[in-house]
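In what follows, a structure is listed as structure tokens, so that the remarks can point back to it.
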Amino acid sequence: MPRDTFGAGYPFLPASARLSFDQMETLARAFASLGVDKIRITGGEPLLRRGVEHLIERLARIPTWDGRPMEIALTTNGVLLKDKARALRDAGLTRVTVSLDALDDAVFRRMTDTDTPVARVLEGIAAASATGLSPVKVNTVIERGVNDSQIVPLVRYFKGTGVALRFIEYMDVGGAEGWDMSRVMTAEEVRDTVASMYRLVATDTVRPGSTSVNYRHEDDGSEVVSEVGFIASVSQPFCGDCTRARVSSDGQLYTCLFATQGMDLRPWLSDGASPARLAEAVRTRWQSRGDNYSERRGQRGAHGDRRQYPTIRMSLVGG
Ligand code: SF4
């Protein structure tokens, strides 16, 4: 989150405007009744929310439509993960994804606009692995000319650790100042860069709804597989398979990462409101969605339109 935007004078959301854990659980139950079987807690930075492990505990108890346990995932910048990993696991977190765009301290600090050393994030990743959270993933967004030098070092670092590395194309989501197609290093280019140093073989671990094409190292043993995946969110958009609904901390439902407007769910979350009506409102909104921003970006680009269109900030709804 850039310091020049989110400085001391920024009018942050007051705590009273954020959904309570009770409201989040109500929401999660409504989504579960509609067939959702995986909930990801994102941010901003979710580990800054006091008592997030208590929320996880409550969400993890919600049964899915077929009686399986709800899968709870979390995406974090990793800064607080070392101290929280065990409590998160004990609360019922099943998987964790850490955003990490560089191993080199100077590149990392420039990109994150913080003084946090990379070592602190790496310690968090190691702690998450040691507690048995599985899978532990690292998401890396590659911006040409900014951190493409980090591709091979990241692969080298995580090879043999069991941590899954995912390279994601740089997107024009809100907050990506001055985004331009020339700054996008495609998944194919990133994969070629990795393949010039390491022998990769395709895996067959693609889950339904997965956006990543995954490989493992040819010389991985059978016990420690360190996947390397590539997500072509710009060059090969997957809007047709997109199944992700996002709810911001103030209760707005967004049906696309590139939305400009959400639907306010708070009227269905007030005391005495009907859970069935909440589920119905979500169902109706979801069924009427026609989101395909990434596909349209490609079509616009083909016609020479390379403008960046306004969208919600990524820090509002996670990735
Ligand atoms: S652009 Fe929107 S609809 Fe397309 S994949 Fe991304 S979030 Fe889904």
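The values are calculated or read from the model by the stated rules, or taken from the named source; none is laboratory data. Keep in mind that what you see is a predicted model, and the values were worked out from it rather than measured. Note that each Cβ is placed from the backbone with ideal geometry, even for glycine, and that neighbours are counted across all protein chains shown.
Table for the structure above
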| quantity | calculated |
| --- | --- |
| Strands (runs of 3 or more DSSP E) contained in segment 201-294 and holding at least 2 residues within 16 Å of the ligand (Cβ to nearest atom) | 228-231, 252-254 |
| Residues satisfying the stated conditions in segment 160-178, i.e. modelled with pLDDT under 85 and either in a loop (DSSP other than H, G, I, E, B) or among the hydrophobic types (A, V, I, L, M, F, W, C) (or both) | Val173, Gly175, Ala176, Glu177, Gly178 |
| Residues located in segment 65-113, provided they are crowded, with 21+ Cβ neighbours inside 10 Å and among the acidic types (Asp, Glu) | Asp101 |
| Number of the condition not met by Ala32 [criteria: (1) surrounded by fewer than 11 Cβ atoms within 10 Å (Cβ to Cβ); (2) farther than 23 Å from Val173 by Cα] | (1) |
